[in-house]
Structure formats: C-alpha cells, structure tokens
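Everything below concerns the one structure shown next.
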Amino acid sequence: MVRIFYKDGRMVRREDDLRALGQVKNLLWVDLQSPTMEEEEWVESQCEISFQTPQEIVEIESSSRFFEQNDTINANSNFLRIDKDGYETYPVSFLLHRGVLFTFRRGDSQTFADTVKKMKVSPHTFQSGVDFMLMLLETRIEADADSLEAISKDISTISKSLTHEQKARQEVLIRISGLQEITMMLRETSIDKQRVLSGVLRSLNFPENRKEHLRIILKDINSLLEYTTFNFERLEYLQNTFMGLINLEQSQVIKIFTVVTIIFMPPTLIAGIFGMNYHNLPTSQSPYGFAASLLMMVGSSLTVLWYFRRKRWI
C-alpha cells in the first residue's frame with residue numbers, strides 16, 4: 001500500500017492511486033506500507049530514489065542507521081508498537097529527498113495514523129516533507145511518554161499492593177519482570193532515535209530553519225531517557241522489596257519448624273529413655289509409670305514453649 005500526500009493551496013491532499021505519482025505537483029510525503037516489489041520499483045523510478053533492502057534497514061551499524069547520498073538523507077529508526085500480544089519493535093526507514101519525505105515500513109502503525117489526523121486538523125503547518133518527518137517523530141515520542149507514564153502507574157499499584165497485602169506472590173514478580181522488559185525496550189528505541197537524529201542534526205542537507213525544532217525533539221528524548229532510568233530504579237527497588245518479603249516468609253516458616261522441632265525434643269528424649277526395657281528405671285515397676293512418663297513429656301514441652309515465649313522468640 002502506498003499513500004501520497006501533496007500540497008493543494010492551503011490544504012494537504014491524499015492520493016492512493018500510485019499511477020498519479022508522476023502527475024502530482026507539490027509532493028510532500030510518500031508513505032510505503034508493506035509495498036509490493038512493483039510498487040517499490042515504481043516509486044523509485046518516478047522519484048529517482050533508491051530504498052534500502054529490509055536487511056540493510058535493520059542493521060545496527062551507524063553507517064546503516066544514518067547516511068547521506070548526494071542530496072538525500074537516509075535514516076532508519078526502530079518504533080515501538082503496542083498490540084494485544086504486548087510490545088514489539090519494528091523498523092521505519094526515512095528518506096528525505098529534495099524536501100519530499102519517503103517512509104518505508106512493514107505493517108500498520110498508530111503513530112502514522114495519528115500523524116495523518118494531526119495533518120487534517122492543521123494542514124497549513126505542513127509545508128514540506130521535513131514537517132511530516134518531525135511530526136512523525138514527535139508523535140512517536142509522545143506515545144513513548146504515555147507508555148512510560150502507564151508503566152509508572154503500574155509500578156505505584158504494585159508498590160501499594162506489596163505494602164498492604166504484605167505477601168509475596170509469584171505473579172507480582174512476573175509483572176515486575178514484564179515492566180522491566182517494556183522499559184528496556186523503550187530505552188533502546190529512545191537511544192536509537194537519539195543516535196539517528198544526532199546524525200540528521202549534523203547534516204548539511206537538512207534545512208537550517210528546522211534544526212532548532214530537531215534540537216527540541218532531542219531534548220524530549222533525553223527527558224524520556226531520564227524517565228526510563230527513574231522507572232528502572234523504582235522497579236529494582238520493588239524487586240528487592242519483593243525478594244525481602246520472600247526471605248521473610250521463608251524465615252518465618254523455618255522458624256516455626258525449628259520451634260516445633262525443639263519443643264518435641266525433650267518429650268522424644270523422655271519417651272526414648274522410658275522405652276528402654278531395663279528393670280532399674282524409675283517407676284518401671286509402678287502402675288503409675290506410664291502416666292508419669294506422659295506427664296513428664298507434656299511438662300517438658302510446655303516448659304520449652306514457656307521459655308521461648310518469655311524470650312519473645314515466638
């Protein structure tokens with residue numbers, strides 16, 4: 001699927017017919033979403049550009065994430081997508097050629113849909129493909145910020161549950177681990193954008209009058225990175241608290257078993273002594289010997305229990 005956006009007076013129009021690409025004037029943005037090979041080749045031939053291969057787009061080397069070729073800027077960045085299965089990253093390729101933005105991606109993205117909605121509300125603010133590129137990045141960063149705020153609320157909820165329930169549950173640890181993974185993904189994508197946009201900022205082909213806007217976006221990314229660090233620290237604190245509660249519960253269980261074992265040691269000793277079949281044992285020939293041994297066993301257990309309570313060990 002290919003979407004074509006062009007300027008028509010003060011309005012921005014959209015054209016979905018790829019054959020109109022060579023006839024459209026004031027071209028602003030060409031969005032290629034999971035295009036076929038024929039669509040990709042048609043755009044390349046009509047606009048005199050060349051897209052990277054899918055393998056080159058996902059490369060992590062700096063030379064693959066950002067490079068310039070003649071009057072064309074190529075920048076690749078990972079975006080975060082949220083669906084019913086959770087979070088996942090997907091690559092987006094930006095190609096800025098003579099003021100026209102070309103984007104190449106696989107699958108749908110809420111970021112692109114939100115950018116189109118903003119374009120419909122304020123079409124006069126989009127004068128070139130650079131404006132679309134900046135808006136896409138701003139929209140993505142806003143979505144990442146919303147995700148971090150949601151994570152922060154989840155952390156507060158978990159913290160309150162640990163404080164009130166005072167019980168360590170397995171699902172809490174799984175939830176903390178999941179939040180750590182999401183925060184890590186947000187941090188990775190933010191660092192990726194920071195690295196790519198730093199290269200764009202140094203480019204001579206990027207308009208000077210838009211570089212200040214780009215610096216503001218980089219400051220927003222730095223704020224996100226600080227926020228992710230703060231969330232990491234809170235999650236680490238929660239994890240340590242959780243492990244402390246587990247250790248406390250285990251200590252209490254061990255303490256109970258230890259007390260029970262010690263309480264029953266004197267009765268066991270008495271029962272062992274009176275179980276020896278020697279005639280010279282006290283009360284062995286008495287009719288009250290059995291009752292006396294039981295009384296001694298109960299008395300020894302109660303004595304140990306009383307001593308433990310006096311020492312406040314239980």
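The values are calculated or read from the model by the stated rules, or taken from the named source; none is laboratory data. Note that the structure is a prediction, hence the values are computed from the model and not measured. Neighbour counts are summed over all protein chains in view; Cβ atoms, including those assigned to glycine, are modelled from backbone coordinates with ideal geometry. Heads up: the accessible areas ignore ligands, DNA and RNA and are worked out on the full protein's heavy atoms, side chains in. Shrake-Rupley method; radii C 1.70, N 1.55, O 1.52, S 1.80 Å.
Structural remarks
- Cross-link check: pairs Lys255/Lys311; Lys120/Lys153; Lys117/Lys153; Lys160/Lys255 evaluated at a Cα-Cα cut-off of 22 Å; pairs beyond the cut-off: Lys120/Lys153; Lys117/Lys153; Lys160/Lys255.
- Rolling a 1.4 angstrom probe over the protein heavy atoms with all chains in place gives the chain an accessible area of 59 Å² per residue.
- Length gained on full extension, Gln239 to Phe290, computed as 0.36 nm times the residue gap minus the Cα-Cα distance: 12.8 nm.
- Computed label-point distance, nm, for sites Ile174 and Leu302 using a 7 Å Cα→Cβ extension: 4.9
- Centroid-to-centroid separation of the stretch 295-314 and the stretch 70-136 [C-alpha atoms, Å]: 75
- Entry note, the stretch 121-244: relative contact order of 39 percent, from Cα contacts under 8 Å with a spacing of 6+ residues.
- CD proxy at 222 nm, helix term only [per DSSP H run n ≥ 4: -39500 (n - 2.57); per residue of the chain; nearest 500]: -20500 deg cm²/dmol
- Each residue, Phe67 and Arg215, gets one label point 7 Å from its Cα in the Cβ direction; the gap between the two is 3.0 nm.
- Of all accessible heavy-atom area on the stretch 105-214, the percent that carbon and sulfur account for (1.4 Å): 52
- Put a dot 7 Å past the Cα of Phe230, heading toward its Cβ, do the same for Thr53, and the two dots end up 4.5 nm apart.
- Calculated FRET value between Ile256 and Ser159, using beta carbons and R₀ = 35 Å, to 0.05: 0.80
- For Lys193, the lysines whose Cα falls under 16 Å of its own Cα, not counting residues fewer than eight places away in the same chain, are Lys211, Lys219.
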